[in-house]
Structure formats: C-alpha cells, structure tokens
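The values are calculated or read from the model by the stated rules, or taken from the named source; none is laboratory data. Not measured: the values here are computed from a predicted model. Virtual Cβ from ideal backbone geometry, glycine too; neighbours counted across all protein chains shown. Just so you know, the surface numbers come from the protein's heavy atoms only, side chains and all, with ligands and any DNA or RNA stripped out. Shrake-Rupley method; radii C 1.70, N 1.55, O 1.52, S 1.80 Å.
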Amino acid sequence: VYRAEVLLMPLSQEQGGAGPLSSQYSDLAALAGISLSGNADAQTQRALATLKSRALTESFMKEAGVLPVLYASMWDEKTKTWKSTSSWFGTDEKSTGPGMENAYRMFNGGIRTVQFDRKTNLTTVTIDWEDPKIAAQWANQLVKHLNARLQGEAVKDAERNIDYLRKQLATNSAVEIQQAIYNLIEAQMKSIMVASTREEYAFKVIDPATVPERKLKPSRRMIVLVGLFLGLLAGVAAAFLQP
C-alpha cells in the first residue's frame, strides 16, 4: 500500500456582506440566505464537512471511475461492463456492479482520510492505495472536485439570492430599503465574480500529491521480526513435541 498526501490551506470566501448596513436589515439578508458578517472558521468547517460527506465522496467516485478500480475482479476492462452474475446465481443476467454504499464505506474507512490541524489551520488529505499513481491521482482529483462543487454551489446560492432581492425591490418603495437591497445585490454579484474566477475556491493546494516511491505497508522489518518470532515459537513447540 502506498500513501499520497495533499496539503491544503483554507481560503476565506466572499459572503456577500452589505457594507455598513444597519442591523434592521439583517432580517432581509437572512431571508435571502445572506450573511452580513463572514466567519472564516465556520467556512472552513463547512468545507471540511463537505469533503468528508457521503454525497461528495460518491459524486467523486462516479466522476473518477473509482468503483472499477476498487472491484477490479468484477470489472471487464475490455467491454467496460461489470461481469455476468451467472457464475454466482446461475443466471445470465449482467451484474449492475457493487453497491455504492459498500464502496463508500471502503473508501471512507481505509482509503481516504482527512486531518485538520487547528494550530496551523492546514488540512491534509490522504489516499492509501496499492497503486502509487492512482493514489496520487485520486488525492489531487478529490480536492479539485471539492473546490468545483463548492464553487458551483456558491454561484447558485448568489444567483438565487439576487432573484429574491430583485423581487423584494419591486415590492418596496422606501428609498432606504431600496438602497439596502441594491447594496445586497451588488455584494452578491461580487461574490459570483470572485467564485467564477477562483478555481481554488475553498482550499488552496500548498503541496499537491506526488507519486509515492516508498511503500506504506507492509513493513519489511515487521515481516522479518514476525517471521523470526513465529519460527522460534514453532521450533520450541517442535522440540517439546518430539518423543
């Protein structure tokens, strides 16, 4: 098994603040889903939760074609289909492949790990796999997939907020309220511009994953030590068992 790691630094995201607005407009912003004051720690925790989430993991596994690699014995590389289940159930039906739930448990349980260091505010994404090239590829692709997903969600949220604010603008004639709404719309348009032009939206890659050269496990030294111990134990047992 080889280990590939990506070192990440969280990036603060534009929250669409509205400038020096009075607190009386916070209800309006809240209805539109807009936060008037960004919280960097909350943004980081949300990004980490998304990275570890089942929804993102399954989406990544489908996009990166992870299942045929995890279940290589069940995958026909020539036809790009799952092998027939006739040998298992006595039928000629084609297999639909392994379930996504089991694949997620395997990937989340022993292949992908995420560690966040509160002291340095850095995150390490680790992939352990038997093929070093695939391990590095999955690690880098997972981070790109996360950034792209959060970037797309940010743009959609801002567009939804703008639609809501424009509807409120048409129903409010008070100049002060209209000005507040214009400020909120301007802030949301700024958020869309920032999200659309920043590929590394939630995390900046400090150190991308490279193809590892050294094996993580099994340890040759441990194998030798265990072999010596078992050999000694077997020798002692054989000596006592001899007539």
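For ARG46, work out the one condition from (1) of a type outside the set (A, V, I, L, M, F, W, C); (2) at pLDDT below 70; (3) within 30 Å of LEU165 (Cβ to Cβ) it doesn't fulfil.
It is condition (2) that ARG46 fails.
How many residues does the stretch 136-190 contain that are open to solvent by 40 Å² or more (accessible area, probe 1.4 Å) and hydrophobic (A, V, I, L, M, F, W, C)?
Of the residues in that region, 6 qualify.
I'm trying to understand the selection: among the residues of the stretch 45-85, which are of a type in the set (D, E, K, R) and open to solvent by 60 Å² or more (accessible area, probe 1.4 Å)? Steps first, please.
We begin by selecting, within the stretch 45-85, every residue of a type in the set (D, E, K, R); these are 46, 52, 54, 58, 62-63, 76-78, 80, 83.
Answer for the stretch 45-85, where residues must be of a type in the set (D, E, K, R) and open to solvent by 60 Å² or more (accessible area, probe 1.4 Å): ARG46, LYS52, ARG54, LYS62, GLU63, GLU77, LYS78, LYS80, LYS83.
Residues in the stretch 173-182: is at least one aliphatic (A, V, I, L, M), in a helix (DSSP H, G or I), farther than 30 Å from GLY152 by Cα and at pLDDT below 85?
No - not one qualifying residue is present in the stretch 173-182.
If you take the residues of the stretch 117-135 that are of a type outside the set (Val, Ile, Thr), in contact (Cβ under 8 Å) with a residue 12 or more places away in the chain and over 14 Å from THR210 (Cα atoms), which of them is least open to solvent (accessible area, probe 1.4 Å)?
Taking the stretch 117-135 first, the residues of a type outside the set (Val, Ile, Thr) are 117-119, 121-122, 128-133, 135.
Pick out the ones that are also in contact (Cβ under 8 Å) with a residue 12 or more places away in the chain and you get 121-122, 128-133, 135.
Subsequent filtering for residues that are over 14 Å from THR210 (Cα atoms) retains 121-122, 130.
Working: ASN121: 66, LEU122: 47, GLU130: 130 Å².
Result: LEU122.
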